[in-house]
Amino acid sequence: MTRKGYEGVAVAVPVTVPYVRYSIRAAHWWLARCISEILKSAGLKKDAIDGLSVSSFTLAPDTAIGLTQHLGLSPRWLDHLPLGGASGVVALRRAARAVQAGDADIVACIAGDTNHVDSFRLTLANFSQFARDAVYPYGAGGPNASFAFLTAYYMRVYGATREDFGKLCVAQRANALKYSHALFKKPLTLEEYLSARAIAEPLHLFDCVMPCAGAEGFLVLSEERAKALGIPFAALMGTIERHNAYAADPVQMRAGWALDREDLYAQAGAGPGDMDFVQTYDDYPVISLLQLEDLGFCAKGEAPAFVREHSFTHDGSFPLNTSGGQLSVGQAGAAGGFLGMVEALRQLTGQAQARQVKDAKLGLVSGFGMINFDRGLGSGAAILRC
Amino acid sequence: MLDKPKRKNPVLRTRLPTLPPAARSRAALGLTAAAALGRFELQQCRDCGTVQYPPREACQQCLSIHLQWHPQSGDGELLSSTLLHHSNDLFFRERLPWRLGLVQLDCGPTVVAHLHGGVPPAPARVRVAARLDRAGQAVLVALPEKETSNMADDRQLREFTCDPKFRKVLVTDGKTAAGQAIVKALAQAGAEIIWVGYAEPWKKFSGFDALSKVSQVSLLPLDVTDSKNVRELAAEIGGKVDILINNAEHHRAFGIGNRPGVETARAEMDVNYFGLLRLAQEFGPAMRARGADGLASAAAWVNVLSIYALANFPPHGTFSASMAAAHSLAQCLRAEMRPAGVRVVNVFPGPLDDEWNQLLPPPKVAAAGLAGAIVGALRDGVEDVYPGDVAQEWLARWRDNPKALERELSS
């Protein structure tokens, strides 16, 4: 059976609840503000939301359904996505189908987490059965060690240098300086990047995201409805999603994008060269390199050369993570999986202010999530057009 | 190579013990069960043979639920390594930097392992073993492919072992051949001080002079049936003992019908069970307080039990019962010592080659064999030790079918 396209779906109302390093509030507080901000921006009443998609780690013990009572919502379509960095793309593609099928008219996709002083450690300790049994007892706690292994392996096999990773981090910081919600406000030089303290060699301070509290959200609805409401929107051209791809690879050097990218570009009727900007999932710079390769911007192992050839600021030859990415904005838990999507919507609807990519018509957003044991399991990508 | 730890500054605060993360799924405890015996086992699918890691409930290849723990070769290739300079976990935070490796095992899975300092940068061949960490849970350790000199001195590896080197040890009974062999083995292993207890100090015993000549040895009167004596000795040296080896034993033959009265059985209980209880009450608290006291911290408590603790051997029926009681108490002690990271090692030898096992046929465990097994267990970080062919056979029979072993021993 041939895949149905995403005609008629509008993606709109990019919303960010400004991040803070630590919050004494619960995740519910952040998600409530996110919904409220979406309603305000769209000029909608609460009852208009009849579909809800929620992504959050710290909402526990509640899930999306508990949140409906907490916030007094009564959706007829509800989704809870424990997919971390893949949640933005997955929320979008599921919501799009719900709208196309008429199961919901207006779906609010929200992601947010709180960050108490000790909550990151507790999230790590209880992240997954495999992590609890086979990673957390080794002291790394969470993705630092996993990505250190991956980064060291990538450097050894493909000849990437710290300067290559640093170039991305420095460019993203320059983008972040033009994004008011970014938690990092100071410029970053390559020298500062290189001389930062080691965290888990070869990873150093600026290779790692800073956990924080915050929320991101957007609306999925029909084009007619969006036009009637008079809100700017982007069209969804294609999406992919894949979990636990290439399970037999001894170390993760590729993920599901490599398996599904032809499908993605075929849906969109466009190729990698047509993209005006790319938002990768960037919890560590090496994973951006894998995405550039797996999504076809260069061949496997050639991302270091690609990085050396291009510039990555919003006005560069390859605009990447134009709001600064998680590395320079902060990682607000599951909202990290929405950051690229929200920024892509701002770019395509002309709301990116000083970091606006010139004539941005077509953009690619990529998601990656859930280091269950030694690798990220979920991958997804979406192509949006204004 | 490890340098001798400096003398402790008594003014400084003794660091309180912390433990590495101890939570595990029930599936993962299979790794711990094997590591407790010094074995490296991973789940293997009975139906398709796929080796699995991390431990799980169903085969990732064929979805069979028949996953069985089987010994595996730990040979593999180091794909990548990292040196942690940061950890959210207190235990590791206090021990940074810490080296970890990603290893592809020849038997299939990729594993995360603690990485021995002697392993060269990736790619390198390594040997992965399962070790009990300070929390008493199994972790994987990637070791150099070939044994090197002073391998046990590795700073990280020493966190998983209870190596007697540079440690102060109390052996509760130096009067027996077994006790004297244990002392000798500890001296050879580099123990710094060996206190050796002996009951009835007015009687000179065979081997006394030889013991006195060992430079690290200090002989002390100790009768584990005398609460006051145990308390006073603990007050004197309890704060310095890093490893306590309780080998005091009272052993007589016969079961229920062949001897009237309870005096002999009570004497067995008084040494074998209450002796352990007295020692545990007096020495336990001080050792618990020193679980993280530097390179030569309090590390282990060794109980020399008997294979008869697993199932009653009717010809030595009351002795078996006292050893079963001691074993049960040792499990309690293990639980109470675990928060301090002090390992309780239970040794279950087959019949020792001594006068009380005169009528039993060989093979019997020689004193030196028992001593070697104890030091080996401390060095390898093993928790349950079954020295001798008889003990190994009983263990295998008991694991296979405890009821069958009961019948076999009673015929």
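Phi angles of region B:13-27 translate, via the Karplus equation with coefficients 6.51, -1.76, 1.60 and θ = phi - 60°, into HN-Hα couplings of 5, 6, 5, 6, x, 10, 10, x, x, 9, 5, 9, 6, 5, 4 Hz per residue; Gly and Pro are given as x.
Residues whose amide H lies under 5 Å from that of residue B:302, counting only those 5 or more places away or on a different chain, are B:244, B:245, B:246, B:345; hydrogens are built 1.01 Å from N in the peptide plane. Comparing B:86, B:70, B:327 in a Gaussian network model of chain B (Cα springs below 10 Å), the most mobile by mean-square fluctuation is B:86.
Principal semi-axes of the equivalent ellipsoid, √(5λ) from the alpha carbon gyration tensor of region B:85-138, are 22, 15, 10 Å from largest down. Of all the options A:43, A:350, A:376, the one that moves most in a Gaussian network model of chain A with Cα springs shorter than 10 angstrom is A:43. What are the lysines whose alpha-carbon lies under 22 Å from the alpha-carbon of residue A:46, with same-chain residues fewer than 8 places away excluded? Answer for residue A:46, where 22 Å is the Cα cut-off: A:227, listed by chain and number.
Simple point charges give the picture: +1 on the Cβ of Lys and Arg, -1 on the Cβ of Asp and Glu, and for the protein assembly as shown a dipole about the Cα centre of about 1440 debye. By the rule of a C-alpha distance below 19 Å, with chain neighbours fewer than 8 residues away ignored, the aspartates and glutamates paired with residue B:165 are B:3, B:133, B:147, B:153, B:154, B:192, B:242, B:293, B:380, B:383. The helix-only estimate of mean residue ellipticity at 222 nm for chain A, built from DSSP H runs of length n ≥ 4 each weighted as -39500 (n - 2.57), is -11000 deg cm²/dmol after division by the residue total. Result for chain A in a Gaussian network model with C-alpha springs under 10 Å: among A:300, A:178, A:40, the largest mean-square fluctuation is at A:40. The spacing between region B:172-196 and region B:367-391, judged by their C-alpha centroids, is 14 Å. Listed values for region A:370-382 are Karplus-derived 3J(HN,Hα) couplings in whole Hz (6.51 cos²θ - 1.76 cosθ + 1.60, θ = phi - 60°), namely 6, 7, 6, 9, 9, 7, x, 8, x, 9, x, 7, 9, and x replaces Gly and Pro.
Distances between placed amide hydrogens fall under 5 Å for residue B:80 paired with B:102, all partners being 5 or more residues away or on another chain.
The value of relative contact order for chain B, using C-alpha pairs under 8 Å at least six residues apart, is 15 percent.
Selection among B:217, B:295, B:181 by position relative to the dipole of region B:168-409 gives B:295 as farthest towards the positive end (Cβ unit charges, Cα centre). Simple rule: put +1 on each Lys or Arg Cβ and -1 on each Asp or Glu Cβ in chain A, find the dipole, and look at A:259, A:232, A:325; the Cα lying farthest toward the positive end is A:232. Only the Cβ atoms of Lys and Arg (+1) and of Asp and Glu (-1) were treated as charged; on that basis the dipole of region B:168-409 about its Cα centre amounts to roughly 220 debye.
For region A:164-264, chymotrypsin sites (Phe, Trp or Tyr not before Pro) are listed when DSSP marks them as loop and at most 15 other Cβ atoms sit within 10 Å of their Cβ; the list is A:246. Roughly how many debye, to the nearest 20, is the charge dipole of region B:29-157 about its Cα centre, given +1 on each Lys and Arg Cβ, -1 on each Asp and Glu Cβ, and no other charges? With only Lys, Arg, Asp and Glu charged at Cβ, the dipole is about 180 debye.
Past 22 Å, Cα to Cα: identify those pairs from B:168/B:213; B:184/B:240; B:4/B:175; B:184/B:364; B:8/B:184; B:175/B:203, in the order given.
From the list (B:168/B:213; B:184/B:240; B:4/B:175; B:184/B:364; B:8/B:184; B:175/B:203), the Cα-Cα distance tops 22 Å for B:4/B:175; B:8/B:184.
Bridging of residue A:185 to lysines at a Cα separation below 23 Å is possible for A:167, once same-chain residues fewer than 8 apart are set aside. The alpha carbon centroids of region A:150-177 and region B:281-341 are separated by 53 Å.
Proximity of backbone amide H atoms, modeled 1.01 Å from N, is registered between residue A:52 and A:77, A:78, A:79, A:108 at under 5 Å, excluding neighbours fewer than 5 places apart on the same chain.
Peptide A:126-136 shows a mean partner chain C-beta count of 6 within 10 Å per residue C-beta.
Taking θ as phi - 60° and the Karplus parameters 6.51, -1.76 and 1.60, the scalar couplings of region A:160-170 work out to 5, 10, 4, 4, 4, 5, x, 4, 5, 4, 5 Hz in sequence order, x denoting glycine and proline. Here is the list for region B:125-190: GluC sites (Glu not before Pro) lying in DSSP coil, each with at most 14 other C-beta atoms within 10 angstrom of its C-beta, are B:147. Just flag the GluC sites (Glu not before Pro) in region B:1-88 sitting in loop per DSSP whose Cβ has no more than 16 other Cβ atoms within 10 Å. Within region B:1-88, the qualifying GluC sites (Glu not before Pro) (loop, at most 16 other Cβ atoms within 10 Å) are B:57.
Every read-out reported here was derived from the displayed coordinates using simple, explicitly stated rules and does not represent laboratory data. If you're wondering where the values come from, they're calculated on a predicted model, not measured in any experiment. Every residue, glycine as well, gets a Cβ built from its backbone with ideal geometry; the counts of neighbours run over all protein chains shown.
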